[in-house]
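In what follows, a single structure is set out as structure tokens and then discussed.
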Amino acid sequence: MGKTTPLYECHVKAQAKLVDFAGWDMPLHYGSQLQEHLYVRESAGVFDVSHMTIVDVTGKDTAAFLRYLLANNVDKLSAGKALYTCMLNHQGGIIDDLIVYKMADDFFRLVVNSATHDKDIAWITQEAECYAVHLKERTDLAILAIQGPGISKKLSELFPTIDAAMIAELKPFHAHRMDEWFIARTGYTGEDGFEIMLPLHDAPAFWQKILKTGIMPCGLGARDTLRLEAGLNLYGADMDENVTPFESNLTWTVALEPKERHFIGREALEKQLQQGVLQQLVGLVLEGQGVLRNHQKVRINGSGEGYVTSGSFSPTLKKGIALARVPANMSGLCEVDIRGKYVAAQIVKPPFVRHGKKTF
Amino acid sequence: MSNVPKTLKYSKTHEWVRKDDDVFTVGITDHAQCMLGDLVYVELPEPEITLEFGQECAVVESVKAAADIYCPLSGEVVEINEALLEHPQLINQDPYGKGWLFRVRPFDNASNELLTPAEYSKQVASEAH
């Protein structure tokens, strides 16, 4: 048996199909991944993502340390705001992608992937050595993501009146604090929604409260197809330490200005820009029927080859879709090797779906 | 525990076979559909094609994975379930009924390689651990 979240018993009672995810027993689905996916696009779903790692960074050097550690610039943040960023190695390769929240001038919160927990903690600890900062992993907090166009109507049933009003007013990537609770307008589905960090002991009761409002419990299966439709990368599939943000459709997350900000990986990225970025991460939409799968080979007019990094079936579009790494500047049509047969696919710029609608 | 009807025969690779007069209907078991999850795409054999026992003859794909279907007997394909092309989830909803895959007229009636319901149930139970 793996590690479990405080909602494990709730998942078992709800007859979730549990799978191992990075050493955690997590719900894959509660009956039908497709139904859960479509319900989030049309209404509202809740995901237990308590397996993700929260690290609080405090101390007088916190901002300076994060300016050095992260490829995006935390100086863009005011208190209560969040930023998506990569954490790079010295070669510009992606160690992980994460969200950083500014809680106060000398207090930031990082939420990193669970599959990369050990190496992330080791890297952050090592790089923090020369800074007056304190790192604290928040294993005492659970994370629930409530996502979907119907969420905003449920807030008054979930939170005290005054807080609910403030949460309803939050702009994307803004957050609201209620003592040990932390509610941010963020997510991984391409829909409106919130990610809620709360004490472990509060999680089961709040989970039940969420379900009582008609929000559907959703597993990691639907989370994966939702994020793929939304064109959001998955660490370990669409990016890793061998590729840079420029090769991963994440150029927008790298803050090269101001020029004097020295961050880990900067030199390597500047060198790559000078020499030219040779590959890119694009979206693929299968022209015919079928399903795209990770690692399938992509061929473009005989002039180059690439591969699918995340492939699946889009429940919203009813088509095979994928993210794929292909030579730079390729566009138009390509062919994907599906079990020995080459099938035509269109190269598009992700996302595929945004707020329930086709976007390409 | 998944549903294993007593009136059918089974293959080790999770297909079921039902004899209807001189034709055999083939599908995938409740256990197989449950392991695969929501099905989203099905590739069926061409009608009138000849299949050998154990030959890869169809593909069923869920959101999660693709699975090959191995023909559980030798014979000629006489009918395919075209409804699945539009509605692959019929396999999830009714694996032994509306979710059938294709029908085969066998070259002979020998389907010795197939498992009884008890044997198949035992195999499923042993795979679970």
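The values are calculated or read from the model by the stated rules, or taken from the named source; none is laboratory data. Computed from a predicted model, the values in this text were never measured in an experiment. We place every Cβ from the backbone using ideal geometry, glycine too, and count neighbours over all the protein chains shown. Side chains included, ligands, DNA and RNA excluded: accessible areas come from the protein's heavy atoms. Shrake-Rupley method; radii C 1.70, N 1.55, O 1.52, S 1.80 Å.
Miscellaneous remarks
- Extreme residue, nearest to the other protein chains (Cβ to nearest Cβ), among residues of region A:8-25 that are without any contact (Cβ under 8 Å) to a residue 12 or more places away in the chain and closer than 15 Å to A:Gln208 by Cβ: A:Val12
- Tally, over region A:290-300, of residues that are open to solvent by less than 20 Å² (accessible area, probe 1.4 Å) and either within 14 Å of chain B (Cβ to nearest Cβ) or touching a residue at least 60 places away in the same chain (Cβ under 8 Å) (or both): 3
- Residue match in region B:26-47 (condition: open to solvent by less than 10 Å² (accessible area, probe 1.4 Å), touching a Gly at 6+ places or on another chain (Cβ under 6 Å) and of a type in the set (S, T, N, Q)): no
- Unique residue being part of a strand (DSSP E or B) and touching a residue at least 40 places away in the same chain (Cβ under 8 Å) when the list is A:Leu38, A:Leu28, A:Leu98: A:Leu28
- Residues in region A:325-359 that are part of a loop (DSSP other than H, G, I, E, B) and either within 24 Å of A:Thr244 (Cα to Cα) or open to solvent by 70 Å² or more (accessible area, probe 1.4 Å) (or both): A:Ala328, A:Asn329, A:Met330, A:Ser331, A:Arg339, A:Lys349, A:Pro350, A:Pro351, A:Phe352, A:His355.
- Some residue of region A:310-321 being touching a Ser or Thr at 6+ places or on another chain (Cβ under 9 Å), open to solvent by 10 Å² or more (accessible area, probe 1.4 Å), assigned to a loop (DSSP other than H, G, I, E, B) and β-branched (Val, Ile, Thr): yes
Yes/no matrix, rows are residues, columns are (1) away from every other protein chain (no Cβ under 14 Å); (2) at pLDDT below 95; (3) open to solvent by less than 10 Å² (accessible area, probe 1.4 Å):
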{"residue": "A:Glu36", "(1), (2), (3)": "no, no, yes"}
{"residue": "A:Phe47", "(1), (2), (3)": "yes, no, yes"}
{"residue": "A:Leu83", "(1), (2), (3)": "yes, no, no"}
{"residue": "A:Cys86", "(1), (2), (3)": "yes, no, yes"}
{"residue": "A:Gly92", "(1), (2), (3)": "yes, no, yes"}
{"residue": "A:Ile95", "(1), (2), (3)": "yes, no, yes"}
{"residue": "A:Ala115", "(1), (2), (3)": "yes, no, no"}
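- Residue match in region B:106-124 (condition: in contact with a Lys or Arg (Cβ under 8 Å, 6 or more places away or on another chain) and within 14 Å of chain A (Cβ to nearest Cβ)): no
- Qualifying residues in region B:48-66 (those that are surrounded by fewer than 19 Cβ atoms within 10 Å (Cβ to Cβ) and of a type in the set (Gly, Ala, Ser)) - the one farthest from the other protein chains (Cβ to nearest Cβ): B:Gly54
- Pick from region A:171-190, criterion in contact (Cβ under 8 Å) with a residue 24 or more places away in the chain and not in a strand (DSSP E or B), ranking: farthest from the chain's Cα centre (by Cα): A:Glu180
- Screening B:Cys71 on (1) touching a residue at least 40 places away in the same chain (Cβ under 8 Å); (2) open to solvent by 20 Å² or more (accessible area, probe 1.4 Å); (3) of a type in the set (A, V, I, L, M, F, W, C) shows it passes everything except condition (2).
- Residues within region A:231-289 that are aromatic (Phe, Trp, Tyr) and either assigned to a strand (DSSP E or B) or surrounded by 21 or more Cβ atoms within 10 Å (Cβ to Cβ) (or both), tallied: 2
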